[in-house]
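Structure record follows, encoded as structure tokens.
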Amino acid sequence: MEYGLDLEYSFNEFLKGFGLSSEVAHIIWLPLPMLLVLVAAVIGVLVTVWLERKISAAAQQRIGPEYAGALGVLQPIADGLKLLVKEDIIPAKADGILFTAGPILVLIPVILSWLIVPFGQNLLISNVGIGIFLWIALSSIQPIGLLMSGYASNNKYSLLGGLRAAAQSISYEIPLALSVLAVVLMTNSLSTIDIVNQQSGAGILSWNIWRQPVGFIVFWICALAECERLPFDLPEAEEELVAGYQTEYAGMKFALFYLGSYINLILSALLVSILYLGGWGFPIPVELIAKFLNLPINAPFIQVFTASIGIVMTVLKAYLLVFIAILLRWTTPRVRIDQLLDLGWKFLLPISLANLLITAGLKLAFPQFFGG
Amino acid sequence: MSIAITTQLICFTVLSLVVIIGALGVVLLESIVYSAFLLGGVFMSVAGLYLLLNASFVAAAQVLVYVGAVNVLIIFAIMLVNKKEDLKPINDIKSRRVISTSICLTLLSLLIRVDLTNVWSLSSPQNSIGEESTIRIGEHLFSDYLLPFEVASVLLLMAMIGAIVLARRDVMSKDISTGLPVDQELIEKSSEPLLTNKN
């Protein structure tokens, strides 16, 4: 399956044309995809914030932001600028070092996880062998940052919020990992590229959502809980805890939390589309269309075209899921903490275990449909 | 020296310094919360060392298990029982410190001696299995290491059941430590009756 653009190779060849050694070319290449993905993540956050404002307004029969740019598209930038120039306050009785380190520890693992998000056959930062497992491991660091900022704020609401966030994140990580494991079982690989390629056989019919409907729903519920989105936003339940662990935060430190939660939402949506909705795949396989139109699949023009279709499809699927998440946030009430833990431990965990067992059985019974 | 080797050397130096200084901080700092967070930092740097050794699966498992589960649990426990309480001064604290320091130094010298006398057979970088190690670990767990693996899981199950039995108060009618009959009421009930004394 060696097709698709290899930008790194062509870039290195281009630099070698100027007489640079391959090592220097590699070092010049390294920061480029990282910067690109970082910029993409931040722009994704801006778009999501705008969508959140507009959709919530529509759900409540308001107009929403209107004056900053056409349809208020510049509103998120205004929000960001406001947070950027606000005074940075550390409460007098707070623990300064931990108070500063908390938000950073929350944001870094989320951004690092973008390492494994593929937008095309070769369009990702690094195709590491442990792929999706890296994301699960990295997302387990986040509760430490939340506990840290909750403790350092020296405020009982913050501490309770931090403890709730950690408890929630630990309990929902297990069903999340088990439903990922069922997909990995069908793919025989942890790499995100292999997971998408395994679903690319017959377009929309071969997507994992048809073979893993239970896993898809469990994963989506757990991802929402990990992002602390509204049916599960107990750590920052404003009626009970003011704003949870972020109560004492202002300015750029608050913005880091805000950025982290939205980047995490987009990342979760991207991973759902990679694991269950065929990633960059078009509903009808691009190879079939090319064959039908008698076009050579390896021609440069077709390659650029399929790569752009891949990026568009990944982003489209992800934003469809973000839309559902926003709609859920503005239409559902919050669950209680005991209901949340009941749902996680007594319902999702047994269901995802059974799903894993059934997937293993089906893989043995029908190896051609469930990965040999 | 090529750029890759230099990068590796810099990473190794930084990670080892973080491990050593962090571990010293865990032991020597007075504040138990700082110790717990530093322990998380040490675990992360050890995961970084595994990455340098091309063992990416072990590194991710280290982060998931030690940072994500063990360390979070430790911090959780510290924060739930976060009473500011002055510890009782111990009379012979100095002699105790001398004894524990000398024991630690003896163990350290033993380790250094083992390190210096043993001949370490290093396989060449060409023989390292790298990404394939995930498959290799799985094969070992289900063949020659099957018994230890299963025994460890049974041990964990026993510990879990034991913790649940100790924590659930309706299982035992007597408190283990005091011998008094156990209060079967809800933990969250208020200590004062709120409504009964009104009239």
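Quick one: which residue in A:S200, A:S189 is within 14 Å of another protein chain (Cβ to nearest Cβ) and either surrounded by fewer than 24 Cβ atoms within 10 Å (Cβ to Cβ) or at pLDDT below 85 (or both)? Quick ask: steps written out before the conclusion?
Details: A:S200 fails: within 14 Å of another protein chain (Cβ to nearest Cβ).
Selected residue: A:S189, the only one of A:S200, A:S189 that is within 14 Å of another protein chain (Cβ to nearest Cβ) and either surrounded by fewer than 24 Cβ atoms within 10 Å (Cβ to Cβ) or at pLDDT below 85 (or both).
Say whether the condition of being at pLDDT 85 or above and of a type in the set (D, E, K, R) is met by at least one residue in the stretch A:56-74. Yes, some residue in the stretch A:56-74 is at pLDDT 85 or above and of a type in the set (D, E, K, R). If the condition is being over 19 Å from B:S2 (Cβ atoms) and not acidic (D, E), then the stretch A:3-30 contributes A:Y3, A:G4, A:L5, A:L7, A:Y9, A:S10, A:F11, A:F14, A:G17, A:F18. Selection of the stretch B:48-57 for residues being within 11 Å of another protein chain (Cβ to nearest Cβ) and buried (at least 18 other Cβ atoms within 10 Å of the Cβ) yields B:A55, B:S56, B:F57. Cβ-Cβ contacts under 7 Å between residues 6 or more apart (or on different chains), taken from a first residue in the stretch B:132-158 that is under 24 Å from B:L53 (Cα atoms) and within 14 Å of chain A (Cβ to nearest Cβ) to a second residue that is part of a loop (DSSP other than H, G, I, E, B) and of a type outside the set (D, E, K, R), are listed as B:S133/B:A55; B:T134/A:G129; B:T134/A:I130; B:T134/A:L190; B:R136/B:I129. Among the residues of the stretch A:12-33, are any of a type in the set (S, T, N, Q) and modelled with pLDDT of 80 or more? No, the stretch A:12-33 contains no residue that is of a type in the set (S, T, N, Q) and modelled with pLDDT of 80 or more.
Among the listed residues A:S139, A:S153, identify the single one that is in contact (Cβ under 8 Å) with a residue 60 or more places away in the chain and either in contact with a strand residue (DSSP E or B) (Cβ under 8 Å, 6 or more places away or on another chain) or closer than 13 Å to B:V67 by Cα (or both).
Details: A:S153 fails: either in contact with a strand residue (DSSP E or B) (Cβ under 8 Å, 6 or more places away or on another chain) or closer than 13 Å to B:V67 by Cα (or both).
Going through A:S139, A:S153 in turn, the sole match is A:S139.
On the phi < 0 side of the Ramachandran plot, among the hydroxyl-bearing types (S, T, Y) and assigned to a loop (DSSP other than H, G, I, E, B): does that describe A:S200? Criteria met by A:S200.
Per-residue answers, yes or no, for (1) closer than 22 Å to A:L147 by Cβ; (2) part of a helix (DSSP H, G or I); (3) away from chain A (no Cβ under 11 Å); (4) among the hydrophobic types (A, V, I, L, M, F, W, C):
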| position | (1), (2), (3), (4) |
| --- | --- |
| B:G25 | yes, yes, yes, no |
| B:F37 | yes, yes, no, yes |
| B:V46 | yes, yes, yes, yes |
| B:V63 | yes, yes, no, yes |
| B:Y66 | yes, yes, no, no |
| B:I78 | yes, yes, no, yes |
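Candidates A:S268, A:S273: the one that is of a type in the set (S, T, Y), modelled with pLDDT of 80 or more, farther than 16 Å from A:S169 by Cα and in a helix (DSSP H, G or I) is A:S273. Of everything listed in (1) away from chain A (no Cβ under 11 Å); (2) within 30 Å of B:R136 (Cβ to Cβ), the single unmet condition for B:L29 is (2). Number of residues in the stretch A:9-38 that are touching a helix residue (DSSP H, G or I) at 6+ places or on another chain (Cβ under 6 Å) and in contact (Cβ under 8 Å) with a residue 40 or more places away in the chain: the value is 1. Would it be correct to say that A:I174 is more than 8 Å from chain B (Cβ to nearest Cβ), in contact with a Pro (Cβ under 6 Å, 6 or more places away or on another chain), at negative phi and in a helix (DSSP H, G or I)? It is false that A:I174 is more than 8 Å from chain B (Cβ to nearest Cβ), in contact with a Pro (Cβ under 6 Å, 6 or more places away or on another chain), at negative phi and in a helix (DSSP H, G or I). The set of residues in the stretch A:301-353 that are buried (at least 19 other Cβ atoms within 10 Å of the Cβ), among the β-branched types (V, I, T) and under 17 Å from the mean Cα position of the chain (by Cα) comprises A:T314, A:V315, A:V322, A:I326. Among the residues of the stretch B:42-52, at least one is touching a residue at least 24 places away in the same chain (Cβ under 8 Å) and within 11 Å of the chain's Cα centre (by Cα).
Just to be sure, is A:L147 in contact with a Gly (Cβ under 7 Å, 6 or more places away or on another chain) and either more than 8 Å from every other protein chain (Cβ to nearest Cβ) or in a helix (DSSP H, G or I) (or both)? Yes, satisfied.
Only one of these is out of contact with any Pro (no Cβ under 9 Å at 6 or more places or on another chain), of a type in the set (G, A, S) and either in a helix (DSSP H, G or I) or within 14 Å of chain B (Cβ to nearest Cβ) (or both): A:A78, A:A40, A:A57. Name it.
On the way: A:A78 fails: out of contact with any Pro (no Cβ under 9 Å at 6 or more places or on another chain); A:A57 fails: out of contact with any Pro (no Cβ under 9 Å at 6 or more places or on another chain).
None of the others qualify; the one that does is A:A40.
All conditions in (1) of a type outside the set (A, V, I, L, M); (2) farther than 26 Å from A:V49 by Cβ; (3) modelled with pLDDT of 80 or more; (4) in a helix (DSSP H, G or I) hold for A:F301, with the sole exception of (3). Quick check on A:I89: is it within 25 Å of the chain's Cα centre (by Cα) and in contact (Cβ under 8 Å) with a residue 24 or more places away in the chain? Against the criterion (within 25 Å of the chain's Cα centre (by Cα) and in contact (Cβ under 8 Å) with a residue 24 or more places away in the chain), A:I89 does not qualify.
Tallying residues that are under 24 Å from A:L256 (Cβ atoms) and among the aromatic types (F, W, Y) within the stretch A:21-61 yields 1. Pairs meeting the criteria (first residue in the stretch A:341-364 and closer than 13 Å to A:A182 by Cα, second residue surrounded by fewer than 14 Cβ atoms within 10 Å (Cβ to Cβ) and not acidic (D, E), beta carbons under 9 Å, at least 6 apart or on different chains) are A:L362/A:F369; A:K363/A:F369; A:K363/A:G372.
For the stretch A:93-142, which residues satisfy the criterion of being of a type in the set (V, I, T), away from chain B (no Cβ under 12 Å) and surrounded by 24 or more Cβ atoms within 10 Å (Cβ to Cβ)? Before you say what the answer is, go through the steps one by one.
Keep residues of the stretch A:93-142 that are of a type in the set (V, I, T), which gives A:97, A:100, A:104, A:106, A:108, A:110-111, A:116-117, A:125, A:128, A:130, A:132, A:136, A:141.
From what is left, the residues that are away from chain B (no Cβ under 12 Å) are A:100, A:104, A:106, A:110-111, A:117, A:125.
Selection gives A:V106, A:V110.
The values are calculated or read from the model by the stated rules, or taken from the named source; none is laboratory data. Computed from a prediction, not measured in an experiment: that's the story for all the values here. Reconstructed Cβ throughout: ideal geometry from the backbone, glycine too, with neighbour counts over all protein chains shown.
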